[in-house]
Structures are given as C-alpha cells and as structure tokens.
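Since the structure comes first, as structure tokens, the remarks are kept for the end.
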C-alpha cells in the first residue's frame, strides 16, 4: 500500500486526568447561558483547558501509521494513490483515543469484504466527538459569563475533628432530653421534648 500523504502538524499535547472538569460536569449539565456562572473563573479556566486537551487532534504521522495498518486488512483499490488523502481527512481532526476507538471498531465490526469508505472510519466516533465539542463550547460560554458577572463564591472551610466531636456531643445531649410520654390515644407513646413543655 502506498503511504498516505504527509501533512505538517504539531504533536497533540498529552492529556492528563484532572479534577476541574470532572467536578464541574454535574453543574454544567443543567447550566444555561441565562443562569449565573456555575463556578469561578479559575475553575472554569482549568476545566476548559482539560476539555480542549481532550479535543487535540492526533499527530498526522501517527494517524497515517494507524490507518495503513487497519486498511491493510482489505484488498487495496487500484486508485488508492488518488484516494488516500480522503482517508486521512476522515480522522485528521480527531483526538488519538477516539481514532483508536474508530479504527478498532472498524476492524472488529465491519464484516463486508469491500474496501471501507472514508465515512466508515469516522462513523463510530461522530457522537463522542460532537459531545466533547459541545462540552468545550459550553464551558467557554460559562467562562465568558463568569468573567462578565463573577458568581458569588463562598469559601467553605471543611470541619475539623473538634467541630465534628462538638456536633456529636450536641446531638447526644438532645437525644437525652427527648423522653417518651404516654399519649392520649390508647397508651401509645411518642417523643417528648422537655424544652417545649409538651
């Protein structure tokens, strides 16, 4: 098989798992542009960087190798030299993990003996790629909103062990003060709080 045409492109940055995007997703799912920003500018900036990293396209040289290895399963068409660029075009804007998903799906699920079309390469990841782009666009919109109208963020200090112990003591004291008293309905008992006088 003749090699695919080479294109110049910067290598995609490595994707590192981060916490900003994961923590933002529950709030982002229901967020609308008319709502207050779902997080601070700092959190949204970090989440957007993570979302954009998940959209960084695969390096073209790596893509060329992966496509050629996969398409070698089928008989190469006579006009491959003229059509090769179309197969590169099908996945050149796709992140590396989705390229792997697309080509693996093609290898394992395509049962026809004819040579795949460029659309066959892209079809398995169209939805996933669209979801990532939508998420990135939504975060960008939320970040713009946060910069125009910063949300009121209340810094919550996590409780100390002493705080937790004090709360436990208060609850225990309240339970001691609640006694069971006979009710007027056939001798059944119910809670009685001496502070209420009832």
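The values are calculated or read from the model by the stated rules, or taken from the named source; none is laboratory data. All values reported here derive from a predicted model rather than from experimental measurement. Cβ sites come from the backbone with ideal geometry, for glycine too, and all protein chains shown count toward neighbours.
List of remarks:
- Under the condition of being assigned to a helix (DSSP H, G or I) and out of contact with any helix residue (DSSP H, G or I) (no Cβ under 7 Å at 6 or more places or on another chain), the residues counted in the range 97-118 number 5.
- Some residue of the range 122-140 being touching a helix residue (DSSP H, G or I) at 6+ places or on another chain (Cβ under 7 Å), farther than 30 Å from residue 27 by Cα and part of a helix (DSSP H, G or I): yes
- So residue 133, is it in the same structural domain as residue 29 (by TED's automatic domain parsing) and modelled with pLDDT of 95 or more: yes
- Every residue from the range 65-93 that is touching a helix residue (DSSP H, G or I) at 6+ places or on another chain (Cβ under 6 Å) and not in a helix (DSSP H, G or I): none
- Residues being farther than 13 Å from residue 143 by Cβ and assigned to a loop (DSSP other than H, G, I, E, B) - total across the range 20-35: 5
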